[in-house]
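What follows draws every value from the coordinates through simple rules; no lab data is involved. What you are looking at is a predicted structure, and each value in this text was computed from that prediction instead of being measured. Cβ sites come from the backbone with ideal geometry, for glycine too, and all protein chains shown count toward neighbours.
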Amino acid sequence: MIPATFDYVRPTSVDDACRALADAGEDAKVLAGGQSLMPLLRMRLAIPDALIDLDRLDGLREIRDDGDSLVIGAMATHHQVMRDPLVREHAPLLARATETVADPAVRHRGTFGGSVAHADPAGDLPAVALALDAVLVVRSVRGEREIPASEFFVDWMTTSMEPDELLVGVRVPKMGSGWGVHYEKFHRTAQAWAIVGVACAVRRNGDGVEEARVALTNMGPTPVRAHSVEVAVRGAGSEDAFRTAAAQAAAGTEPPTDLHGSSEYRTHLATVLTARALAAAVG
Amino acid sequence: MPRIRVEVDGTTYEDDVEPRLLLVHYLRERLGKVGTPVGCDTSNCGACTVLMDGVSVKSCSVLAVQADGRDVTTVEGLGAGGGTHPMQRAFHEEHALQCGYCTPGMIMASLDLLRENADPSEDEVREGLEGNLCRCTGYQNIVKAVRRAAGEMREPGRQEVTP
Ligand SMILES: Cc1cc2nc3c(=O)[nH]c(=O)nc-3n(C[C@H](O)[C@H](O)[C@H](O)COP(=O)(O)OP(=O)(O)OC[C@H]3O[C@@H](n4cnc5c(N)ncnc54)[C@H](O)[C@@H]3O)c2cc1C
Ligand code: FES
Ligand code: FES
């Protein structure tokens, strides 16, 4: 199908983009890689008055080392993120999870910033941002502010960004040494969204787990952090112990029922996949 | 209406386009390049895959205005000089198509894969083509064709490694 008409703006600086977004009002949309937005426009599930296209803001594609953290430009593509040496070294969970997103052509255009801003509960990267305690850097004509991932995802495809705010980058704290990571994604066909996904990072100490971060994809309207598992898994060192800790994975979640699976099925998957993710992350 | 300047299969075009015009519709309806089909509304099927500045994109997920200043290669730009590209020949020889609807996208995605990996294993071909759906072949012969073309394209002295 053909999208409805819209005004098209292609700013050449972040300041111009913020001004365009402020001027265009609430019915404007930011266009990043277009890999979620273009299908919505084509099916006319989105009918914005104006599109502010970030495609030519090359400065937003930069991934840089900022001391204790990496700052990943909002327009860094999936393709770029999963190969970037800094990301592979300091945020390997993000690199691994990004490799499972979509397919090569989609990864050439789709962006990390777009995935996070889109806040699709089935998207893989919001849970990763949550597990890594990432901080979202947003800017508008009113200034810049930083939002912790734990306060960013507020509801189904809804973030705490204001309509005139642009996501400019994501600050990802570097993982020190001794961490193992894994993203366990369950889907039935190649190139498919997660029915449930588990983002997991563990710091090992001898034979046991000293510290763990676990976040779940598609177990509710927003990504959720499985805090009870993070506590229960401390000291665990065997597959049995991981399974016991993972039994709590779905605690407090509200998994959806849809054509891919029922809520009960997802609850079951969350426990099984979390145990697998823990075992794989411990390595 | 914005004016764009885009190189498609070696020819430069300048056109006024509505912002909502998809690149795939520009290619088909303005330039007559109907070799690139549309297979879905969701950017899932990969039938519309082209190379933009040398990398694969689904041309139904890109606006024509976004191709301004870019270089686009469609399946019609392969095999310069009227010949067939080794990838096209391999698809033919290995019977890697039945209805052929997915073929242009498969060929373009395969070239993108070989750009990064000149000698892919069977699994790597399947991974590389995960964004391209085929309803007919069961993929078996597509994988064979890509590996056959890869072998030919690796031969010393070949000129035509990239399209
Ligand atoms: C076939 C297919 C399969 C896919 N499979 C997966 C998958 O398995 N896992 C997965 O996680 N994703 C998947 N995706 C989605 C893909 O990862 C998208 O790239 C991503 O969801 C959106 O990123 P984008 O850059 O394309 O954003 P766009 O589509 O351009 O934008 C998405 C939304 O975010 C807003 N937005 C984007 N950037 C900003 C910004 N900087 N500031 C403010 N708002 C912004 C837009 O206004 C829009 O509402 C798939 C997509 C396709 C087409
Ligand atoms: S038509 Fe473009 S992906 Fe299906
Ligand atoms: S040959 Fe018919 S869809 Fe692939």
**OP:** Could you work out the mean count of beta carbons from other protein chains within 10 Å of each residue's beta carbon in B:125-131?
**Re:** 4
Original post:
Looking only at Cα atoms, what is the convex hull volume of region A:126-177 per residue, in Å³?
Top reply: 72 Å³
**OP:** Excluding residue B:140 itself, calculate the net charge of residues whose Cβ lies under 15 Å from the Cβ of residue B:140, where each Lys or Arg counts +1 and each Asp or Glu counts -1.
**Re:** +1
Original post:
Within the P(r) computed for region B:45-163, what percentage of the Cα pairs occupies the region above 16 Å?
Top reply: 57 percent
Original post:
Taking only the alpha-carbon atoms of the protein assembly as shown, what semi-axes of the equivalent ellipsoid follow from 5 times the gyration tensor eigenvalues under a square root, in whole Å, largest first?
Top reply: 37, 28, 19
Subject >> C-alpha long axis of helix A:263-282 to longest principal axis of chain A, angle in ° >> reply: 70 degrees
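Given N residues in region A:58-172, what is its alpha carbon radius of gyration divided by 2.2 N^0.38 Å?
0.97
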Original post:
Residue-wise, which Karplus ³J(HN,Hα) couplings in Hz belong to region A:171-183, taking 6.51 cos²θ - 1.76 cosθ + 1.60, θ = phi - 60°, and x for glycine or proline?
Top reply: 8, 10, x, 5, 7, x, 7, x, 8, x, 9, 7, 10
Original post:
For A:157, B:108, A:75, what's the fewest-to-most ordering of other Cβ within 10 Å of each Cβ?
Top reply: A:157, A:75, B:108
**OP:** Counting other beta carbons within 10 Å of each Cβ, put A:156, A:179 in order, fewest first.
**Re:** A:156, A:179
**OP:** Starting from the Cα of residue A:146, step 7 Å toward the Cβ, then list every residue of region A:56-82 with an amide N under 15 Å from that point.
**Re:** A:64-73
**OP:** Give me the net charge of residue A:47's neighbourhood, meaning all other residues with Cβ under 14 Å from the Cβ of residue A:47; Lys, Arg count +1, Asp, Glu -1.
**Re:** 0
Subject >> Charge tally in the Cβ shell below 10 Å around residue B:62, where Lys, Arg are +1 and Asp, Glu are -1, residue B:62 excluded >> reply: +2
**OP:** Indicate the gyration tensor shape class of region A:180-282 (rounded, prolate or oblate), computed on the Cα atoms with a ≥ b ≥ c the square roots of the eigenvalues: a/c under 1.5 is rounded; otherwise a/b larger than b/c is prolate and the rest oblate.
**Re:** prolate
